[in-house]
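Visitor: Below you will find the structure I want to go over with you.
The values are calculated or read from the model by the stated rules, or taken from the named source; none is laboratory data. Nothing here was measured: the structure is a model prediction, and the numbers come from that model. Here the Cβ positions follow ideal geometry from the backbone for every residue, glycine too, while neighbour counts run over all protein chains shown.
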Amino acid sequence: MSSQNPASSPWDRWASLGQAERDAAYNNNAAVADSPALIEARNAASAIWRNAHPQGLDVAYGHGERTAFDLYPAADPSAPCLVFIHGGYWQKNSRENFAAYAEGLARSGWSVAMPSHTLAPEASLTQIAAEIREALDWLASSGPANGISGPLVLSGWSAGAQLAALHLDHPAVTAGLAISGVYELAPLRDTFLNQALRLTDDEIATLSPLRRPVCLKPMAIAYGCDELPALVHDSLRLHQLREQASAPGALIALPGADHFTVLDQFRTLDGVLVRAAKEVLALARKGKAAA
């Protein structure tokens, strides 16, 4: 898969697009016809999982109303931990709606930690990024007291993938798994999304993973083959940049998966994303052993 060229993106012809086309280029809910039913099913499954695992819920890592974790520690505190950052274009959703995606790795003996963050427009993207770094700081210092002391694999979906890629360089993070992300922020300023985000030139320059120096820690990049072209383009481009820098990590294209069904691969023991998390951790351990 490393030989793939980045797919064409609406960004390539952005200046010629009207407002409706620009908005549609990043509107995942409109692009997936049954998205309301998929979201309802996700939320219902997550409520069941969360209610069945109540011991580590709503653990504060900061002072904000939403700066908290749901923790699902493994029986072995030294087990690896997936840190999963939810999506929602930085302006909707929360950790509670994604609890079901802890299932596959939890059944594999991993811990899972799911943070929320303050949402735009209450928080800027700069503040949101700072909160995720604070969450990782907290997990590094307070995780052992909460049953989590193993290596951290940082993951995220959609907007959460941007935050995961951004924080791959955190000292507590061993490896990463970015799923269906937006890694170039500039086009968003010309869409409906910017009403809440109010992106600045500095945020676009410093918070777009495609504009930042490549972190050489292992990171897999996954996307559904039925995703919007702009998201596929960003995934391919980020993998290409990392490959050019000799940064390890697979590019994972999931046939038949759209922006919402792609995460189903976290729900079973043999799910593609479950395997990807294990494989990227193995890469990190192999690299550490060789160093």
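Visitor: Exactly one condition in (1) in contact with an Asp or Glu (Cβ under 8 Å, 6 or more places away or on another chain); (2) under 19 Å from L168 (Cβ atoms); (3) part of a helix (DSSP H, G or I) is not met by V262; state its number.
Guide: Unmet condition: (2).
Visitor: Among the helices (runs of 4 or more DSSP H) lying completely within segment 135-225, list those that include at least 3 residues that are surrounded by 24 or more Cβ atoms within 10 Å (Cβ to Cβ) and not polar (S, T, N, Q).
Guide: In segment 135-225, 159-166 are the helices (runs of 4 or more DSSP H) which contain 3 or more residues that are surrounded by 24 or more Cβ atoms within 10 Å (Cβ to Cβ) and not polar (S, T, N, Q).
Visitor: Can I ask one more? Taking segment 40-56 as the region of interest, how many residues are without any contact (Cβ under 8 Å) to a residue 24 or more places away in the chain and outside any loop (DSSP other than H, G, I, E, B)?
Guide: Total meeting the criteria: 5.
Visitor: While we're here: Only residues that are more than 15 Å from A159 (Cα to Cα), touching an Asp or Glu at 6+ places or on another chain (Cβ under 9 Å) and charged (D, E, K, R): list them for segment 82-130, please.
Guide: E96
Visitor: I'd like to check something: does segment 131-154 contain any residue that is of a type in the set (G, A, S) and touching a helix residue (DSSP H, G or I) at 6+ places or on another chain (Cβ under 7 Å)?
Guide: no
Visitor: Residues that are farther than 16 Å from L241 by Cα, over 18 Å from the mean Cα position of the chain (by Cα) and touching a residue at least 24 places away in the same chain (Cβ under 8 Å): does segment 149-159 have at least one?
Guide: The answer is yes; a qualifying residue exists.
Visitor: Using the structure shown, decide if L251 is in contact with a His (Cβ under 7 Å, 6 or more places away or on another chain), at pLDDT 95 or above and surrounded by fewer than 22 Cβ atoms within 10 Å (Cβ to Cβ).
Guide: Yes; evaluated as a whole, the condition is true for this residue.
Visitor: Kindly check whether there is at least one residue in segment 240-250 that is in a helix (DSSP H, G or I), under 22 Å from P80 (Cβ atoms) and in contact with a helix residue (DSSP H, G or I) (Cβ under 9 Å, 6 or more places away or on another chain).
Guide: no
Visitor: Please count how many residues of segment 265-291 are in a loop (DSSP other than H, G, I, E, B) and either in contact (Cβ under 8 Å) with a residue 60 or more places away in the chain or within 16 Å of S108 (Cβ to Cβ) (or both). Give the derivation first.
Guide: Taking segment 265-291 first, the residues in a loop (DSSP other than H, G, I, E, B) are 267-271, 291.
Now restrict to residues that are either in contact (Cβ under 8 Å) with a residue 60 or more places away in the chain or within 16 Å of S108 (Cβ to Cβ) (or both): 267-271.
Adding up the residues that qualify gives 5.
Visitor: If you scan segment 57-75, which residues turn out to be surrounded by 12 or more Cβ atoms within 10 Å (Cβ to Cβ), at pLDDT 95 or above and not in a strand (DSSP E or B)?
Guide: Across segment 57-75, the qualifying residues are L57, D58, Y61, G62, R66, T67, P73, A74.
Visitor: Looking at L254, L210, can you tell me which residue is without any contact (Cβ under 8 Å) to a residue 40 or more places away in the chain and closer than 25 Å to A30 by Cα?
Guide: None of the others qualify; the one that does is L254.
Visitor: Suppose we filter segment 62-84 for residues that are in contact (Cβ under 8 Å) with a residue 60 or more places away in the chain and closer than 26 Å to A222 by Cβ; how many remain?
Guide: 10
Visitor: Shifting gears a bit: Count, please, the residues in segment 80-113 that happen to be touching a Leu at 6+ places or on another chain (Cβ under 8 Å) and not charged (D, E, K, R).
Guide: Within segment 80-113, residues that are touching a Leu at 6+ places or on another chain (Cβ under 8 Å) and not charged (D, E, K, R) number 19.
Visitor: How many residues are part of a loop (DSSP other than H, G, I, E, B) and either aromatic (F, W, Y) or under 16 Å from R267 (Cβ atoms) (or both) when one looks only at segment 85-108? Walk me through it before giving the result.
Guide: Kept after step one, since they are part of a loop (DSSP other than H, G, I, E, B), are these residues of segment 85-108: 86-94, 108.
Checking which are either aromatic (F, W, Y) or under 16 Å from R267 (Cβ atoms) (or both) leaves us with 86, 89-90, 108.
Within segment 85-108, residues that are part of a loop (DSSP other than H, G, I, E, B) and either aromatic (F, W, Y) or under 16 Å from R267 (Cβ atoms) (or both) number 4.
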